[in-house]
1. Of the residues SER382, SER456, only one is open to solvent by less than 30 Å² (accessible area, probe 1.4 Å) and among the hydroxyl-bearing types (Ser, Thr, Tyr); which?
2. Which residue, of GLY139, GLY105, is surrounded by 20 or more Cβ atoms within 10 Å (Cβ to Cβ) and either within 15 Å of ALA68 (Cβ to Cβ) or among the small types (Gly, Ala, Ser) (or both)?
3. Looking at the range 293-316, can you tell me whether even one residue there is surrounded by 14 or more Cβ atoms within 10 Å (Cβ to Cβ) and free of Cβ contacts under 8 Å to residues at least 12 places away in the same chain?
4. I'd like to know if the range 79-100 contains one or more residues that are modelled with pLDDT of 95 or more, at positive phi and under 24 Å from the mean Cα position of the chain (by Cα).
5. What is the residue count in the range 460-476 for residues that are within 23 Å of GLU41 (Cβ to Cβ) and either open to solvent by 10 Å² or more (accessible area, probe 1.4 Å) or in a strand (DSSP E or B) (or both)?
6. Among the residues of the range 495-520, which ones are in contact with a helix residue (DSSP H, G or I) (Cβ under 8 Å, 6 or more places away or on another chain) and of a type in the set (A, V, I, L, M)?
7. Against the condition modelled with pLDDT of 95 or more, of a type outside the set (A, V, I, L, M), on the phi < 0 side of the Ramachandran plot and out of contact with any helix residue (DSSP H, G or I) (no Cβ under 7 Å at 6 or more places or on another chain), how does ASN429 come out, does it pass?
8. Of all residues in the range 516-549, how many are among the basic types (Lys, Arg) and farther than 29 Å from ASN299 by Cβ?
Amino acid sequence: MKTSSLQIARAAYQPKLPKILKNQVKLVEGEKTQSVADQKEIEELFPNTYGMPLLKFEECSENPNFSAINTGVILSGGQAPGGHNVISGLFDGLKHIHKDSKLYGFLMGPGGLVDHKYIELTTEIIDEYRNTGGFDIIGSGRTKLEDPAQFDKGLEILKQLDIKALVIIGGDDSNTNACVLAEYYKAKNAGIQVIGCPKTIDGDLKNDMIETSFGFDTACKVYSELIGNIQRDCNSARKYWHFIKLMGRSASHITLECALQTQPNVCLISEEVETKQQSLDEIVTYIAETVAHRGNHGNNFGTVLIPEGLIEFIPEMRVLMDELNDFLADNDDFSMMDKNKQRDYVISHLSPKNAGVYASLPEGVARQLTLDRDPHGNVQVSLIETEKLLAEMVGVKLQQWAKEGKYKGKFAAMTHFFGYEGRCAAPSNFDADYCYSLGYTASLLIANGKTGYMSSVKNTTEPAEKWVAGGVPTTMMMNMEKRHGAMKPVIQKALVKLDGAPFQTFSIHREQWAKETCYVYPGPIQYFGPTEVCDQPSKTLLLEQGKTI
């Protein structure tokens, strides 16, 4: 594989570890824990792994004598910058524990465990992928580990390779599956430990114990560079409004972080829209008022940031999509109908209120709402071009205002969706260090015989040497939610808190950013140079930890 000059230089970078992990450590147990909600139900489902204590590594003078241990590792779900460093940290940690330890990577996600597809990860392979983006060292997949038959099939290969521990690197769903797997193997006395690592660029896998999910920092810096580039072009040409959709279906953390980094004219936060029960027309009017104010002052340009999942948080749109899901489920022949007749057919079969909402949508977006459903029969939100919907509806409203003499500017819109651009970027120094530390910590949890835990690295707004390493029982993060018509145990997603410091900071400044041109141009991720330039965590994390930005 050919390598770039940057990759060669990055391969030589040694990620920073918490000082405590560079020494001999002992594992200290803290308080017993309970789930974030639905304690009785979660305890009944996880009798062998519920209520375990928080764990923290502390320095000790003794030199523990660990045996060699074979470990398996799985990358699960969508890609996120830093996954290779989690594996590198895990590999180095296992080799530090005992030189004869082995690490096996299961190929293309959890399916590799079930199908017995794997490779042994050697020093030569690991060294090729240190500090690189992507998940291509072993690939990833979205197979869910939910069925005991899968667990037993996986156990066959684990026993065959004499693997004693399995590390699952993934988001909330993947770590929920890891928790179920840990409970199953513990109940069977299978002798297999299961440890999770928190991954998702969406930033919605976090809590008091998990300060941030890896990949969020890098992805937001990549998107913010692109937004900054657009804003500089915007401020140069002074004739376009750019509507930019950003990843994040369930939570708006990415959009909020990018707003804090770039200071756009408009930024929509799904959680605020839902809390305020804002209608589609209210959102369009809000954007149009900002465009009109700037246009009436000679500034016919601007940027609008939109979270990917916004449309699901608009009450009237959610009700419409629910009825559309039911309508399409009962009309199997709809997709075969003449496309020119589909719109009128849908309108004639919806309830009057939903028919009115559907009729008000631009034809392209209306059609997207009736495209192929996901495996659960729901609208595929990521396929809906919300950025085009809003740009077109704002344009229509401005035309009406121009006729009424309320608007005298010019409006031309351009649309973008930033998603895949950030998922496999070379990790920032923060993510490179954080991920390496997560992997190294996972190796120590394994060495100490733990299962049903998620690797935890805290105090991450301080220099890396002051970071605190330990483990969090995965059951501590769980609650019961309705999935596929039944109540299931799942890790609770972290949404944007409207009373939290990141949103409050944004809220204080957004009116000024709307009227004035306050753009910030972050530029590309910096890997070499002063620590205040290269090693800064996200603004979200700084604000959540009570720091200034």
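The values are calculated or read from the model by the stated rules, or taken from the named source; none is laboratory data. Bear in mind that the values here come from a model prediction, so they are computed numbers and not experimental data. Glycine also receives a Cβ, built like all others from the backbone with ideal geometry; neighbour counts cover every protein chain displayed. Accessible surface is based on the protein model in full, side chains and every heavy atom, while ligands, DNA and RNA are left aside. Shrake-Rupley method; radii C 1.70, N 1.55, O 1.52, S 1.80 Å.
1. Numbers: SER382 fails: open to solvent by less than 30 Å² (accessible area, probe 1.4 Å).
From the options SER382, SER456, the qualifying one is SER456.
2. Numbers: GLY139 fails: surrounded by 20 or more Cβ atoms within 10 Å (Cβ to Cβ).
Being surrounded by 20 or more Cβ atoms within 10 Å (Cβ to Cβ) and either within 15 Å of ALA68 (Cβ to Cβ) or among the small types (Gly, Ala, Ser) (or both) holds for just one of GLY139, GLY105, which is GLY105.
3. The first filter runs over the range 293-316 and keeps only residues surrounded by 14 or more Cβ atoms within 10 Å (Cβ to Cβ), leaving 293-295, 299-316.
Next, only the ones that are free of Cβ contacts under 8 Å to residues at least 12 places away in the same chain stay: none.
No, there is no match, as no residue in the range 293-316 is surrounded by 14 or more Cβ atoms within 10 Å (Cβ to Cβ) and free of Cβ contacts under 8 Å to residues at least 12 places away in the same chain.
4. yes
5. 3
6. Listed by number, the residues that qualify are LEU495, VAL496, LEU498, ALA501, ALA514, VAL520.
7. When the stated conditions are applied, ASN429 does not pass them.
8. Here is the first cut: in the range 516-549, the residues among the basic types (Lys, Arg) are 539, 547.
This time we only want the ones that are farther than 29 Å from ASN299 by Cβ, so: 547.
Residues that pass the stated criteria total 1.
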